[in-house]
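Report on the structure given below.
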Amino acid sequence: MPKTEAELFAFLADLGIDVSTRRHPPLFTVADSQALRGEIAGGHTKNLFLKDRKDNFFLVSVGEEAVVDLKQIHNVIGAAGRVSFGRPEMLMELLGVVPGAVTVFGLINDTKLRVKVVLDQELMNHAVINAHPLTSEATTSIAAADLVRFVEATGHDAAILKVSA
């Protein structure tokens, strides 16, 4: 079973990471979430769950306004050829979330370390990063350095690369 939001918050607390979370109606797209701008400060994420032809999986987290060239991103993230979006079934199996709730916090569920995480360099320029806490009904704010600590605490490498155009 995937970890719950409460388990995620307990994991963060155990790491000594302070976060703040704001509840809201379900948000499934960047356009939906932009209605909250001005109410939640910091960089807001857009997350891409991708796979390559060898069934390697990638979670790419960029700023909500970022433009990503999906025809070239494989060159940046180290994929085996071009990438496509991962199937919803694999998203649930690996990250424990459904489409519309894709989040870097889903790495807590990737205990077999099958997903390579890539954080966009531009996104990481923000002091605070905002992401869904395993549900699209809330937004959690975390310091950028603490986000990297979280990723590493899950056993993943936090690759910070220039992904956006």
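The values are calculated or read from the model by the stated rules, or taken from the named source; none is laboratory data. Being a predicted model, the structure only gives us computed values, none of them experimental. Here Cβ is always computed from backbone atoms with ideal geometry, including for glycine, and neighbour counts include all displayed protein chains. Note: accessible area is taken over every heavy atom of the protein model, side chains too, but ligands, DNA and RNA are not part of it. Shrake-Rupley method; radii C 1.70, N 1.55, O 1.52, S 1.80 Å.
For this structure, a couple of remarks:
- If you go through the range 6-39 and keep only what is at pLDDT 70 or above, not in a loop (DSSP other than H, G, I, E, B) and not aromatic (Phe, Trp, Tyr), you end up with Ala6, Glu7, Leu8, Ala10, Leu12, Ala13, Asp14, Ser20, Thr21, Arg22, Arg23.
- Any hit, the range 106-115, residues being surrounded by fewer than 20 Cβ atoms within 10 Å (Cβ to Cβ), within 16 Å of Phe49 (Cα to Cα) and out of contact with any Ser or Thr (no Cβ under 7 Å at 6 or more places or on another chain): yes
- Qualifying positions in the range 109-161 - part of a strand (DSSP E or B) and among the basic types (Lys, Arg): Lys116
- Selection count where residues are more than 26 Å from Val128 (Cα to Cα) and either open to solvent by less than 20 Å² (accessible area, probe 1.4 Å) or not in a strand (DSSP E or B) (or both), scope the range 71-85: 10
- Against the test of being among the basic types (Lys, Arg), touching a helix residue (DSSP H, G or I) at 6+ places or on another chain (Cβ under 8 Å) and either at pLDDT 95 or above or farther than 26 Å from Glu39 by Cβ (or both), the options Arg149, Arg82, Arg87 yield a single qualifying residue, Arg82.
- Lys3 more than 12 Å from the chain's Cα centre (by Cα), of a type in the set (D, E, K, R), open to solvent by 70 Å² or more (accessible area, probe 1.4 Å) and at pLDDT 95 or above: yes
- Filter result for the condition that a residue is assigned to a loop (DSSP other than H, G, I, E, B), open to solvent by less than 80 Å² (accessible area, probe 1.4 Å), in contact with a helix residue (DSSP H, G or I) (Cβ under 7 Å, 6 or more places away or on another chain) and at pLDDT 95 or above, over Val62, Val97: Val97
- Inter-residue pairs, beta-carbon under 8 Å, first surrounded by fewer than 19 Cβ atoms within 10 Å (Cβ to Cβ) and in the range 118-132, second assigned to a strand (DSSP E or B) and of a type in the set (S, T, N, Q), 6+ apart: Val128/Ser141
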